[in-house]
Amino acid sequence: MPATPPDAADAAPFAADGPGGAGSVGVVVSHGFTGTPASMRPWAQHLADAGFSVRLPLLPGHGATWRETNRTRWPQWYEAIESTFAELRERCDTVLAMGLSMGGTLVTRLAEQHPETVAGLVLVNPAYGTRRVDAKLAPYIGRLVRSRPSIGGDIKKPGVAEPAADRTPVLAFASLQQLWKATVADLPRVTAPVLLYRSREDHVVDDLSVELLHRGAVNTTVREVVLEDSYHVATLDNDAPTIFAGSVDFARTIAGVGAP
């Protein structure tokens, strides 16, 4: 189903503080490129209901029009995730990071920059590159071709739409490619264990990204779970319950805490 234009509710960040016990565990959650917190809010709410302290920010330039996204670059998106992580570190003993698509890229970058303090990663269809030849043109055509068709809304479940930008901003996408390059180069710095959810059929992120992750993350473990009944935005799709339950179990295991 095609993406739908986001409104103020879709763009609203999510925050919840755990009551203690498992509340000493924090989770940073990141949405993807041209997306909004709405694509991640059910997951974030599930984590909060499990007793974790959760932060799901709105990335700069997102949540309104593709033109606003085109005026931002990856260091701004990353800074939003890093500052959110720093906030949770102030209140939580253990902090994990979880993300969808570019959100997975950003939290991977976080684990590279803070290998001693990011306790674990849960990645859903993360992006680290693409085999598409036309993507290489983005840095060169961005001043002339401002946008391309939307990449949002890749969901198998009938009747479910993703609130996302109606076009893909080309200059911002070129910046995303720079983020891919930096993140892939530093994958050996990741020491946090990784739980990877990959959709068997994904019309946005191709198999190169998973290949790059397995090839580069040589100093940690990557446990891969294949999702058979979801497309790219799996956090809103048929396999969402699998992701939600698995991420809670993963976080509890890492933190050494039981169910509240």
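Tell me, please, whether a residue that is under 19 Å from GLN113 (Cα atoms) and more than 17 Å from the chain's Cα centre (by Cα) can be found in region 233-245. No, region 233-245 contains no residue that is under 19 Å from GLN113 (Cα atoms) and more than 17 Å from the chain's Cα centre (by Cα). Considering region 95-130 alone, what residues qualify as being surrounded by 24 or more Cβ atoms within 10 Å (Cβ to Cβ), assigned to a loop (DSSP other than H, G, I, E, B) and polar (S, T, N, Q)? SER101, ASN125 - these are the residues of region 95-130 that are surrounded by 24 or more Cβ atoms within 10 Å (Cβ to Cβ), assigned to a loop (DSSP other than H, G, I, E, B) and polar (S, T, N, Q). Right, ALA111: at pLDDT below 95 and either hydrophobic (A, V, I, L, M, F, W, C) or closer than 17 Å to TYR231 by Cβ (or both) or not? Answer is no for this residue.
Highlighted here are the strands (runs of 3 or more DSSP E) found entirely within region 1-94 that include at least 1 residues which are among the β-branched types (Val, Ile, Thr), more than 22 Å from GLY159 (Cα to Cα) and under 18 Å from the mean Cα position of the chain (by Cα): 25-30, 53-56. Scanning region 205-224 for residues that are in a strand (DSSP E or B) and surrounded by fewer than 14 Cβ atoms within 10 Å (Cβ to Cβ) yields ARG223, GLU224. Looking across region 240-260, the residues that are surrounded by fewer than 18 Cβ atoms within 10 Å (Cβ to Cβ) and either among the aromatic types (Phe, Trp, Tyr) or part of a loop (DSSP other than H, G, I, E, B) (or both) come down to GLY256, GLY258, ALA259, PRO260.
Quick grid of which residues meet (1) of a type outside the set (A, V, I, L, M, F, W, C); (2) touching a helix residue (DSSP H, G or I) at 6+ places or on another chain (Cβ under 8 Å):
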| site | (1), (2) |
| --- | --- |
| VAL190 | no, yes |
| SER199 | yes, yes |
| HIS203 | yes, no |
| ASP206 | yes, no |
| GLU211 | yes, no |
| HIS214 | yes, no |
| THR220 | yes, no |
| ALA234 | no, yes |
| ASP237 | yes, no |
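Can we say SER39 is small (Gly, Ala, Ser), more than 22 Å from PRO6 (Cα to Cα) and open to solvent by less than 10 Å² (accessible area, probe 1.4 Å)? Explain how you work it out, then say what you get.
Working: small (Gly, Ala, Ser): yes; more than 22 Å from PRO6 (Cα to Cα): no; open to solvent by less than 10 Å² (accessible area, probe 1.4 Å): yes.
Spelling it out, it is not the case that SER39 is small (Gly, Ala, Ser), more than 22 Å from PRO6 (Cα to Cα) and open to solvent by less than 10 Å² (accessible area, probe 1.4 Å).
Beta carbons closer than 9 Å, at least 6 apart along the sequence or on distinct chains, pair a first residue in region 32-45 that is among the charged types (D, E, K, R) with a second that is surrounded by fewer than 24 Cβ atoms within 10 Å (Cβ to Cβ) for ARG41/ASP10; ARG41/ALA12; ARG41/PHE14.
Pick out the one residue from ALA251, ALA192, ALA240 that is within 29 Å of LYS157 (Cα to Cα) and touching a strand residue (DSSP E or B) at 6+ places or on another chain (Cβ under 8 Å). Steps first, answer last, please.
Numbers: ALA192 fails: within 29 Å of LYS157 (Cα to Cα); ALA240 fails: touching a strand residue (DSSP E or B) at 6+ places or on another chain (Cβ under 8 Å).
Step by step, each of ALA251, ALA192, ALA240 is checked, and only ALA251 is within 29 Å of LYS157 (Cα to Cα) and touching a strand residue (DSSP E or B) at 6+ places or on another chain (Cβ under 8 Å).
Flag set for ALA50, criterion: open to solvent by less than 20 Å² (accessible area, probe 1.4 Å) and over 16 Å from ALA12 (Cα atoms). I need the full set of residues from region 59-93 which are open to solvent by less than 30 Å² (accessible area, probe 1.4 Å), in contact (Cβ under 8 Å) with a residue 60 or more places away in the chain and either among the hydroxyl-bearing types (Ser, Thr, Tyr) or under 16 Å from VAL25 (Cα atoms) (or both), in order please. Selection gives THR69, THR72, TYR78, LEU88, CYS92.
The values are calculated or read from the model by the stated rules, or taken from the named source; none is laboratory data. The shown structure was predicted, so the numbers you read here are calculated from the model rather than taken from an experiment. Cβ: placed from backbone, ideal geometry, glycine included. Neighbour counts: every protein chain shown. Ligands, DNA and RNA are stripped out before the accessible areas are found, and what is left, the full protein with its side chains, is counted by its heavy atoms. Shrake-Rupley method; radii C 1.70, N 1.55, O 1.52, S 1.80 Å.
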